[in-house]
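*Asks:* I have a structure here, written as structure tokens, and I will follow up with some questions on it.
The values are calculated or read from the model by the stated rules, or taken from the named source; none is laboratory data. In this text, all values refer to a predicted model and were calculated from it rather than measured experimentally. When we count neighbours, we look across all protein chains shown, and the Cβ atoms used for this are built from the backbone with ideal geometry, even at glycine. Just so you know, the surface numbers come from the protein's heavy atoms only, side chains and all, with ligands and any DNA or RNA stripped out. Shrake-Rupley method; radii C 1.70, N 1.55, O 1.52, S 1.80 Å.
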Amino acid sequence: MNGKKIKSILESNTTGQIYSVQGWVRTFRANRFIALNDGSTIENLQCIVDFEKLDESVLKQITTGAALRLIGKLLVSKGIGQSVELEVSNLIILGSSDPKQYPIQPKKHSLEFLREKAHLRVRTTTFSAVMRIRSVLSFAVHQFFKEEGFFYVNTPIITGNDAEGAGEMFRVSTLNPNNPPLNKEGKLDYKKDFFGKETKLTVSGQLEAEAYALALGDVYTFGPTFRAENSNTTRHLAEFWMIEPEMAFYDLNDNMNLAEKFITYVLKNVLSSCEKDLKFLDERFAKEESAKPQHQRSEMGLLEKIQFVVNNDFKRITYTEAIAILKDSKPNKKKKFQYAVSEWGIDLQSEHERFLVEKYFNCPVILYDYPANIKAFYMRRNDDGKTVRAMDILFPGIGEIVGGSQREERLEVLEQRIKEMDIDAKELWWYLDLRKFGSVPHSGFGLGFERLVQFTTGMGNIRDVIPFPRTPQNAAF
Ligand code: 4AD
Ligand code: MG
């Protein structure tokens with residue numbers, strides 16, 4: 001390491017000092033000005049170099065994308081657009097970059113183009129801002145739970161059970177795919193596999209987190225989760241990060257309160273510590289929106305949306321109330337929904353969720369007490385026999401951002417649900433044990449981290465808020 005971060009130089013405002021800086025050329029112009037960025041901040045440091053005094057061989061290498069070390073004196077800027085600039089006395093090329101081949105040019109590239117260059121796209125202003133915010137959000141998550149007295153637990157990534165009962169998992173195996181061992185029935189002999197059983201990449205750390213909550217009290221996991229669903233949407237990834245708190249002695253109401261407090265906390269944190277990146281993304285969002293047809297435009301700006309969520313309570317309604325609203329809604333009566341809302345018990349589609357959040361209530365909504373049939377086996381049954389203590393949090397522009405529930409703590413009820421849903425109870429023996437030894441009411445939820453980053457940065461596609469996205473037919477990089 002040799003040099004000072006541009007962020008700290010710009011914040012210090014210590015003109016007259018000599019600094020050494022290192023970074024990558026964003027732009028250069030008029031044979032004098034180099035805009036240098038080192039990733040520490042969205043701002044470039046304007047560096048003044050007399051190109052005429054440079055050797056031809058050095059000059060050739062000052063191109064967009066090249067890595068330089070510059071030493072010089074910090075001065076009050078004579079130009080507009082920046083308060084200080086570096087008057088360079090010494091320039092060293094650390095790594096040149098062939099301008100004919102370097103794909104990131106100082107012009108607007110489409111997000112689709114940049115997705116193909118995922119290893120370089122973080123050098124753009126937009127992606128570096130998104131990824132800095134992602135990092136700050138992630139840190140704020142840990143900070144929130146630490147302040148609330150939670151313990152961070154690391155749940156396994158390789159698992160034998162399907163926590164969500166959705167059956168869309170990636171297999172983990174070391175068997176030879178060209179010549180797999182078969183058992184007497186002619187099926188794959190998993191006894192010969194690495195773990196001696198069939199294993200998958202986990203869809204959720206919840207079940208193991210429950211075991212830990214029933215000893216440590218309040219815990220959370222924050223790790224990668226995997227879903228092999230073939231959904232090519234702007235909100236689904238095959239590999240994504242989930243934050244899953246699990247709390248002993250919490251009922252559904254306590255759970256909803258915590259989720260709301262948590263989301264508000266992390267958003268506030270970003271508002272106060274990512275001002276410059278957010279300002280840039282706010283302007284970017286406004287430009288993107290203005291290019292859309294009027295009826296598709298967001299009514300609020302990005303910053304406005306974040307502030308709105310921070311300053312307003314989430315609306316809480318039951319699934320049954322939501323169905324009544326939807327049944328009675330204009331788009332339903334005019335047959336504008338692709339999936340008509342006709343009867344109680346249907347699974348809500350994203351068009352229904354968006355109507356509730358963006359048109360009807362115009363704020364984040366917590367839907368709770370869903371029909372048992374459309375929810376996972378572990379959710380606590382209500383006395384009506386039909387619904388479970390589930391809750392989903394729906395966000396404007398995003399849809400579902402959180403899914404959670406109070407857990408079924410009664411052994412017999414849980415066993416019955418497992419039977420009704422035709423789930424293999426063998427793998428769940430240890431989970432059932434938790435209901436035999438000191439079982440207590442408990443609750444938890446999962447927040448999709450990329451959906452939170454999407455909301456905070458205003459990026460329309462989830463592929464643009466994770467460094468190297470995994471989606472169907474795409475695992476490059
Ligand atoms: O609603 P889900 O499936 O809930 C669970 O997995 C529970 N075990 C959580 C818990 O109670 N501990 O997923 C939780 C959240 C969703 O609300 C969504 O934000 C996100 O995870 N999510 C996805 N994000 C990106 N890509 C996908 N394919 C996602 N699937 C779910
Ligand atoms: Mg869900």
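*Asks:* Working only within the stretch 403-441, note down all residues that are hydrophobic (A, V, I, L, M, F, W, C), touching a Leu at 6+ places or on another chain (Cβ under 9 Å) and not in a helix (DSSP H, G or I).
*Replies:* Leu434, Phe437, Val440
*Asks:* Out of all the residues in the stretch 23-48, which are in a strand (DSSP E or B) and over 22 Å from Gln105 (Cβ atoms)?
*Replies:* Once the filter is applied, which keeps residues that are in a strand (DSSP E or B) and over 22 Å from Gln105 (Cβ atoms), the stretch 23-48 yields only Ile48.
*Asks:* Another one. Does Lys292 satisfy being open to solvent by 50 Å² or more (accessible area, probe 1.4 Å) and either part of a helix (DSSP H, G or I) or assigned by TED's automatic domain parsing to the domain that holds Gln143 (or both)?
*Replies:* Judged against the criteria, Lys292 is a match.
*Asks:* Just for the stretch 421-440: of the residues that are in contact (Cβ under 8 Å) with a residue 12 or more places away in the chain and not hydrophobic (A, V, I, L, M, F, W, C), which one is most open to solvent (accessible area, probe 1.4 Å)?
*Replies:* Across the stretch 421-440, the extreme among qualifying residues is Lys436.
*Asks:* Quick one: what pairs do we get from the stretch 198-214, first residue outside the structural domain of Pro245 (by TED's automatic domain parsing), second part of a helix (DSSP H, G or I), C-beta under 8 Å, 6+ apart or different chains?
*Replies:* Short answer, once both residue conditions are applied: Glu198/Tyr190.
*Asks:* Next question. If I ask for residues that are surrounded by fewer than 21 Cβ atoms within 10 Å (Cβ to Cβ), more than 16 Å from ligand 2 (Cβ to nearest atom) and not hydrophobic (A, V, I, L, M, F, W, C), which ones from the stretch 213-229 would you list?
*Replies:* Gly217, Asp218, Gly223, Pro224
*Asks:* Moving on. Report yes if Gly223 is at positive phi and assigned by TED's automatic domain parsing to the domain that holds Gln307, otherwise no.
*Replies:* When the stated conditions are applied, Gly223 does not pass them.
*Asks:* Give me a count of the residues in the stretch 214-229 that are among the small types (Gly, Ala, Ser) and in a strand (DSSP E or B).
*Replies:* 1
*Asks:* Tell me, which residue of the stretch 254-283 that is over 21 Å from Ala129 (Cβ atoms) and among the aromatic types (Phe, Trp, Tyr) is most open to solvent (accessible area, probe 1.4 Å)?
*Replies:* Residue satisfying both the conditions and the ranking: Tyr265.
*Asks:* In the stretch 197-213, what count of residues is obtained for those that are near ligand 1 (Cβ under 10 Å from one of its atoms) and in a helix (DSSP H, G or I)?
*Replies:* 4
*Asks:* Being open to solvent by less than 60 Å² (accessible area, probe 1.4 Å), out of contact with any Asp or Glu (no Cβ under 6 Å at 6 or more places or on another chain) and more than 19 Å from Arg407 (Cα to Cα) is the filter here; which residues of the stretch 154-166 pass it?
*Replies:* Pro156, Thr159
*Asks:* Moving on to the next point. Within the stretch 403-417, is even one residue within 16 Å of ligand 2 (Cβ to nearest atom), under 30 Å from Glu283 (Cβ atoms) and not small (Gly, Ala, Ser)?
*Replies:* no
Per-residue answers, yes or no, for (1) in contact with a helix residue (DSSP H, G or I) (Cβ under 9 Å, 6 or more places away or on another chain); (2) charged (D, E, K, R); (3) at pLDDT below 95; (4) more than 22 Å from Glu260 (Cα to Cα):
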| site | (1), (2), (3), (4) |
| --- | --- |
| Lys287 | no, yes, no, yes |
| Ser298 | yes, no, yes, yes |
| Gln307 | yes, no, no, no |
| Phe314 | yes, no, no, no |
| Thr318 | no, no, no, no |
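*Asks:* For the stretch 301-368, which fully contained helices (runs of 4 or more DSSP H) count at least 3 residues that are within 15 Å of Met391 (Cα to Cα) and touching a residue at least 40 places away in the same chain (Cβ under 8 Å)?
*Replies:* Filter on the stretch 301-368 gives 319-327.
*Asks:* Could I ask something else about it? For the stretch 369-401, how many residues meet the condition of being in a strand (DSSP E or B), farther than 25 Å from Thr234 by Cβ, open to solvent by less than 50 Å² (accessible area, probe 1.4 Å) and touching a residue at least 24 places away in the same chain (Cβ under 8 Å)?
*Replies:* 5
*Asks:* Next question, about the same structure. From the list Asn332, Asn312, which residue is among the polar types (S, T, N, Q) and exposed (fewer than 13 other Cβ atoms within 10 Å of the Cβ)?
*Replies:* Step by step, each of Asn332, Asn312 is checked, and only Asn312 is among the polar types (S, T, N, Q) and exposed (fewer than 13 other Cβ atoms within 10 Å of the Cβ).
*Asks:* Quick one: count up the residues across the stretch 14-57 that are out of contact with any strand residue (DSSP E or B) (no Cβ under 6 Å at 6 or more places or on another chain), open to solvent by 60 Å² or more (accessible area, probe 1.4 Å) and within 30 Å of Ile133 (Cβ to Cβ).
*Replies:* 2
*Asks:* For the list (1) closer than 30 Å to Glu299 by Cβ; (2) within 15 Å of ligand 1 (Cβ to nearest atom); (3) open to solvent by less than 20 Å² (accessible area, probe 1.4 Å); (4) not polar (S, T, N, Q), I need the number of the one condition that Gly458 fails.
*Replies:* Single failed check for Gly458: (2).
*Asks:* Can you work out which of the residues in the stretch 230-253 that are under 19 Å from Lys146 (Cβ atoms) and part of a strand (DSSP E or B) is most open to solvent (accessible area, probe 1.4 Å)?
*Replies:* Trp241
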